[in-house]
Structure formats: C-alpha cells, structure tokens
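Notes follow once the structure below has been shown.
The values are calculated or read from the model by the stated rules, or taken from the named source; none is laboratory data. Just so it is clear, the model here is predicted, and its values are computed rather than measured. Note that each Cβ is placed from the backbone with ideal geometry, even for glycine, and that neighbours are counted across all protein chains shown. The protein model used for the area step is the full one, side chains on, heavy atoms only, and it has no ligands, DNA or RNA in it. Shrake-Rupley method; radii C 1.70, N 1.55, O 1.52, S 1.80 Å.
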Amino acid sequence: MNIKILAKKLRLSITTVSRALGGYSDVSETTRKKVIKYAKKYKYSPNPNASSLASGKSNTLGFVIPLYGLNSNTLNQASFFEFIAGMSTKIHSENIQFFMMFANNKLEEKNAYEKLINVQKVDKIILHNLKKNDSRIGMLKKNKIKFVAWGRTQGLIDYSWVDLDNEGSSKLIMQYLIEKNHKHIAYINIEENYNFAFQRKQGYLDSLKKNKIKFNKNYYISVKHEDPDQSSAVIQKMLNKNSKITAIICSTEYSAVGAIKACNQLNKKIGKDISIITFDGPVVGTLANPSLTAITHERKNLGHKAIEILTDMDKDNRVHTHLAKAKIIERGSVCKLKKN
C-alpha cells in the first residue's frame, strides 16, 4: 500500500491524505478520522524518507545520553530510559525516525550533537541535563533545529521545555516536614551548576524564609559526585557537629543511600531517631534499605509531552511548556515529632 493507492480508495487527493495523517488543522476531523481508519485497515505507514523528499523537511529526532558525571552510574541512566519509554508511543504514531547517541565525556557529547545535526540531518532534538547557562541552546538555535529542553536554564527562557517542578518539590517536602514539627532540617544537594539542583535549593531556602526558620549554613551540603560513600562521610561529619538535626532532605537518591549508611554508622534509627526524605528513582524504589519516603514525578508522561510539543512545533512556532507536578510516597522513614 502506498499513499497514491490509499488516496484513490478514499477518493481524496494525495495532499489531503498526507495532511490528514500529519494532523494539519485545515483537514476536517471527520476526514482525518476516515483517513486514519483506512490507513490502519490497509496497514499503510508513511515512508519517512519519501515524506522528507516530498515535503523538503526531515522528520528525525536526536537524543544524546551522557555516560559521565551524574550519569556515570548505570542506575542513574534509568531515568533517561523511563523518559524515552514515554516518548516511544508518540514517536511511532508520528512516524519519526529516532537517533540516540551516547557520550563518555564533554567532548564526545559536543561531537554527538554536531553529528546529529550535520551528518544525520536531524531537525528535532530533545535537550536535557541543562546547566544554569547552557551553550547548547545557542548552537541549536543557530542551526535552526527545533528542540524541547528537558529542564530549564536561568534567565530568559524563550524556548519550549518540559520539566520536573524542582522548586515546588522542595517546597512540598519542607511543608511535609514542618507539618511533622521538624525545624532543624538538613539539605544534601548535588553541584548547583546543574539547574535542577539550583532550583531545588531555592525551594528549600524559600520555605525556610516563609516559615521564619533561620538558614543554618552548617545544615546545607553540596556534594560533587554521585558517590554514596562520599555522601556518607560528609553526612556523618555534619550530624556529629549538629546534634539538633532531626531530618535530612536528599536532592538525589545516591546521597540518600549515603544518608542511610551514615545513620547506620551512627546507630541512628531511620524513621525514629532521624528522618530522611529524598527524590525518588530506581535506587530508593528498589535497592535502598530501609525504603525511603520520597517525592516522585511521572517521567514517562514527561517524555510523551516532549514529543507532543515537538510535533506541534511543525504547525506553529509558539513556545510550549509543561511542568510535571510532584507527589510524596510515604514509606515510613519520616517520623512526627512532639511539639515543643
């Protein structure tokens, strides 16, 4: 089955069939449904290469997964594949060709984006792991590549994005802990050059201010690497010097594993002597012992939304955004304190 035969069976022009399958608004909903029904019946699928030649436009998507830095541990890479799983249904339904590349360092990552643009000729890219100031955005704009960022930079945001509500998540955690009468709350973060870490810190600081709790610099630590042993050492040191701490917020699940190790070393019973809450993921969800109360987001839906925004950009150039809301999963690692 090809589009010419399909159009003949439907008694429609090839252009109408093509635009109906492309979701263009100038085709009525009745016609669009009829075309899709017959396309499924005759198992017609547009040839992406032929479509590109006919329209003069590519329909290809690029995605680069870094295997270094925060993502050097394979468990951390699971969040990318959860996101990609959410993308997959929309990729197939929109007949998008998908190129995924891996990078072991910054240079390889830069080269991967250049290869996607100049060799694979992609016209769409999903950008992620955004820094506070990210040079990749300028590069994509310069090359006139449509893109959706998974995350946001600082300052003017004049591009489409999907993101976790990082600031709101920290505020939700703080509200949860304060309602359980915690006031001496420590925060373990990753380096703030990653914008999600910066946003999470801001939520923590804003909540302290809102609740008239003075910021104690000894309660805040930023670790450089996703290494539970390193986190454990600094958390032990922090707890030994600050005996009033009753709760620990972990911005990443690896620091949460470090917090568990630190508390075990100090013979502090989690959920009784000390409370721990973290951002959710494959480690705390399946491997951490004990299981930790965590804040979670729907990453699959985030991936689906990113592709939806990209396909909408073929019809208009407006900036589209989507913020994933968070919820707390109770697992018993946070206790309620008696009021003073």
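Is segment 92-101 home to any residue that is touching a strand residue (DSSP E or B) at 6+ places or on another chain (Cβ under 7 Å), under 24 Å from Ser251 (Cβ atoms) and either open to solvent by less than 30 Å² (accessible area, probe 1.4 Å) or without any contact (Cβ under 8 Å) to a residue 12 or more places away in the chain (or both)?
Kept after step one, since they are touching a strand residue (DSSP E or B) at 6+ places or on another chain (Cβ under 7 Å), are these residues of segment 92-101: 96-101.
Narrowing the set further to residues that are under 24 Å from Ser251 (Cβ atoms) leaves none.
No, segment 92-101 contains no residue that is touching a strand residue (DSSP E or B) at 6+ places or on another chain (Cβ under 7 Å), under 24 Å from Ser251 (Cβ atoms) and either open to solvent by less than 30 Å² (accessible area, probe 1.4 Å) or without any contact (Cβ under 8 Å) to a residue 12 or more places away in the chain (or both).
So which residues in segment 229-253 are closer than 23 Å to Tyr68 by Cα and open to solvent by 30 Å² or more (accessible area, probe 1.4 Å), if there are any at all?
Going through segment 229-253, the residues closer than 23 Å to Tyr68 by Cα turn out to be 229-234, 250-253.
Result: Asp229, Gln230, Ala233, Val234.
Can we say Gly258 is more than 25 Å from Leu70 (Cα to Cα), among the small types (Gly, Ala, Ser) and not assigned by TED's automatic domain parsing to the domain that holds Ile84?
no
With the requirement that a residue be open to solvent by 50 Å² or more (accessible area, probe 1.4 Å), within 16 Å of the chain's Cα centre (by Cα) and modelled with pLDDT of 90 or more, what does segment 309-340 give you?
Residues satisfying the conditions are Thr321, Leu323, Lys327.
Name the residue that is surrounded by the fewest Cβ atoms within 10 Å (Cβ to Cβ), counting only residues in segment 81-91 that are at pLDDT below 85 and over 15 Å from the mean Cα position of the chain (by Cα).
Pass one, segment 81-91, residues at pLDDT below 85: 81-82, 89-90.
Restricting the remaining residues to those that are over 15 Å from the mean Cα position of the chain (by Cα) gives 89-90.
Details: Thr89: 13, Lys90: 17.
Residue satisfying both the conditions and the ranking: Thr89.
Residue under question is Leu266, and the condition is that it be open to solvent by 10 Å² or more (accessible area, probe 1.4 Å), farther than 20 Å from Lys217 by Cβ and either in contact with a strand residue (DSSP E or B) (Cβ under 6 Å, 6 or more places away or on another chain) or at pLDDT 90 or above (or both); does it hold? Write out each step before concluding.
Values: open to solvent by 10 Å² or more (accessible area, probe 1.4 Å): yes; farther than 20 Å from Lys217 by Cβ: yes; either in contact with a strand residue (DSSP E or B) (Cβ under 6 Å, 6 or more places away or on another chain) or at pLDDT 90 or above (or both): yes.
Answer is yes for this residue.
Here's the yes/no breakdown for (1) crowded, with 20+ Cβ neighbours inside 10 Å; (2) at pLDDT below 90; (3) more than 30 Å from Gly332 (Cα to Cα); (4) assigned by TED's automatic domain parsing to the domain that holds Asn71:
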{"site": "Ile125", "(1), (2), (3), (4)": "yes, no, yes, yes"}
{"site": "Ile145", "(1), (2), (3), (4)": "no, no, yes, yes"}
{"site": "Gln154", "(1), (2), (3), (4)": "no, yes, yes, yes"}
{"site": "Leu177", "(1), (2), (3), (4)": "yes, no, no, no"}
{"site": "Asn193", "(1), (2), (3), (4)": "no, yes, yes, no"}
{"site": "Leu205", "(1), (2), (3), (4)": "no, no, no, no"}
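Of the residues Asn189, Asn166, which is crowded, with 20+ Cβ neighbours inside 10 Å and farther than 30 Å from Lys338 by Cβ?
On the way: Asn189 fails: farther than 30 Å from Lys338 by Cβ.
Step by step, each of Asn189, Asn166 is checked, and only Asn166 is crowded, with 20+ Cβ neighbours inside 10 Å and farther than 30 Å from Lys338 by Cβ.
Going by the structure shown, is Ser291 in contact (Cβ under 8 Å) with a residue 12 or more places away in the chain and open to solvent by 10 Å² or more (accessible area, probe 1.4 Å)? Show your work before the answer.
On the way: in contact (Cβ under 8 Å) with a residue 12 or more places away in the chain: yes; open to solvent by 10 Å² or more (accessible area, probe 1.4 Å): yes.
Yes.
Could you give every pair whose Cβ atoms fall below 6 Å, whose first residue belongs to segment 235-261 and is closer than 23 Å to Gln175 by Cβ, and whose second residue is among the charged types (D, E, K, R), counting only separations of at least 6 or pairs across chains?
Between residues of segment 235-261 that are closer than 23 Å to Gln175 by Cβ and residues that are among the charged types (D, E, K, R), the close pairs are Ser251/Arg200.
Residue check: is Ile221 in a helix (DSSP H, G or I), over 20 Å from the mean Cα position of the chain (by Cα) and either within 19 Å of Ser275 (Cα to Cα) or without any contact (Cβ under 8 Å) to a residue 12 or more places away in the chain (or both)?
On the way: in a helix (DSSP H, G or I): no; over 20 Å from the mean Cα position of the chain (by Cα): yes; either within 19 Å of Ser275 (Cα to Cα) or without any contact (Cβ under 8 Å) to a residue 12 or more places away in the chain (or both): yes.
So Ile221 does not fit the description; no.
Taking only pairs six or more apart or across chains, which ones have beta-carbon atoms under 7 Å, a first residue in segment 56-80 that is at pLDDT 85 or above and among the small types (Gly, Ala, Ser), and a second residue that is assigned to a loop (DSSP other than H, G, I, E, B) and surrounded by fewer than 20 Cβ atoms within 10 Å (Cβ to Cβ)?
Gly62/Gln120
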